[in-house]
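Quick notes on the structure that follows.
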Amino acid sequence: MGSTGRIRRLLIANRGEIAARVIRTCARLGIESVLAASDADLDSLPARLADRVVRLGPAAASASYLDPSAVVRAAQAVGADAVHPGYGFLSENPSLARACAAAGIVFVGPTPESLEAVGDKLTARSHALTAGLPVVPGGEAADLDQARAVAADVGYPLLVKAVGGGGGRGMKLVREPADLAHTLDLAVSEAAAAFGDPRVYLERYVASGRHVEVQVLGDGQRAVALGDRDCSVQRRYQKLFEEAPAPLLPDRLRAEMADAALRLCAHLGYRGLGTVELLVDCERDTFYFLEMNARIQVEHPVTEMVTGLDLVAEQLAVAEGLPLRLRQEDVVLTGHAVECRINAEDAAAGFRPSPGRVDRVVLPVGEGLRVDTHVQGGSVVPPFYDSLLAKLIVHGTDRDDALARARAALELLRIDGVTTTVPVHRALLDDPEFRAGGVDTAFFERFLSARDLVGAR
């Protein structure tokens, strides 16, 4: 896409905190924000913050936030120049990007070709290999015989992953050969149901691994790396806590990871904001390519805190066809930032979702503190979507300072009426192993099993 011109009216095809986040940048840049909301979200906080609201469809995401034609119709109805897809939903969907282009509307994201290249996990893996990135040993498993051959090659334990999966969904652990056939069948049927794609592949399971990702921004001609983030605190492959920069990484490894991410961007001719997710093998002191997320991520604020950048504004500028204004040497990281994802979930009941009406919200304020949220007193948390209520983001002079500030802020933060994960974060920030830094992806399950969170509210 050549020069697209100034975005004056932006349709936000998303909900929740990311919709409120995009609206905030629009207000600062003088861009008219139009929220495309489902019936469940017409009275939400983002709907009140937006300049305009247009109905997208029924509460069911399949008929609203996941319907490309509904999004394009909404954009045309309000005369929007561009569509911002947020994260999740259709944010990495090539058909929405193509439908926008066909309608003469700017899609705030990568090209359809890039979305296809990295959206399919096997294709992404082959692109990473071509670009010279190391990948986790493994391969496609079209049937049981092929799966057994791959397993014999890489060894156990291993992961069965859905080709169309993402966001931590579509993964199953196989510890021994006897479990392979059953788990493979299960993974194939679940992948077909959840992602509309039954294909799976196998990867070696790295027991002591850290999830570190590199934030990149490209204009199609060149790209810059905006530092890294550690997202190793996960439950069932879902992130709970993120920080930037990743703690206790050797400088050599950090530089190699940034270089690898930029090589992949160059190979793809990547335009937009993206995240190259890597698995750091702590025992081997090396890393592997996992996947590339071709969108803004939930945890982008920690990068904003340490770089001083507005990543949504950078996204919009690139979408307008402007060349990158940043050079790599302009990217200077200051201090340390952490993010706690506050979900409407009951940890004592196995993190069961806790939808309902929010009675009262008290948000901490202070220097280096930021809360990205879509709830206020009287807000209803609908049962149809994910359970993220708010993100507490804290910047400090170093990691210890950021953690201390976050711990103090969690004491002040209140979201009453629904059960939240605030108590989990308080306990996490008090944990000695976590405070020492550099925990692996298996840490959080150990942390939970060592604690009795019953009654935690």
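Just so you know, all these numbers are worked out from the coordinates, no wet-lab data involved. Given the structure is predicted, the values throughout are model-derived calculations rather than measurements. Cβ sites come from the backbone with ideal geometry, for glycine too, and all protein chains shown count toward neighbours.
The table below lists the values:
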| read-out | value |
| --- | --- |
| Three principal axis lengths of the chain [C-alpha, angstrom, descending] | 57, 50, 45 |
| Cβ-derived FRET efficiency at R0 41 Å, residue 251 paired with residue 178, nearest 0.05 | 0.40 |
| Dimensions (Å) - the stretch 362-401, Cα atoms, principal axes, largest first | 39, 19, 11 |
| Extended-chain gain in nm, criterion 0.36 nm per residue less alpha-carbon gap, residue 397 and residue 426 | 8.4 nm |
| Binned Cα-Cα distance frequencies in the stretch 139-283 - 10 Å width, integer % | 11, 33, 34, 20, 2 |
| Convex hull volume per residue for the stretch 362-457, taking Cα atoms only, in Å³ | 119 |
| Estimated dipole of the chain in Debye, rounded to 20 [Cβ of Lys and Arg +1, of Asp and Glu -1, Cα centre] | 1000 |
| Electrostatic dipole magnitude of the stretch 209-450 [Cβ: Lys, Arg +1; Asp, Glu -1; Cα centre; debye, to 20] | 480 |
| For the stretch 9-108, diffusion coefficient by Stokes-Einstein and Kirkwood Rh (Cα), 10 °C, 1.306 mPa s, µm²/s | 124 |
| Extent along principal axes [Cα atoms of the stretch 209-450; Å; largest to smallest] | 49, 43, 34 |
| Length gained when the stretch residue 126-residue 284 is fully extended (0.36 nm per residue, less Cα-Cα span) | 54.6 nm |
| Segment residue 332-residue 349, extension gain: residue separation times 0.36 nm, minus the distance between their alpha carbons | 1.8 nm |
| Debye equation applied to the C-alpha atoms of the stretch 296-425, log10 I(q)/I(0) at 0.10, 0.15 Å⁻¹ | -0.39, -0.79 |
| Directionally averaged shadow of the stretch 141-190, computed from the convex hull of its alpha-carbon atoms, nm² | 3.2 |
| Rounded to whole Hz, the Karplus (6.51, -1.76, 1.60) HN-Hα couplings of the stretch 19-28, x for glycine and proline | 5, 4, 5, 5, 4, 4, 5, 4, 4, 5 |
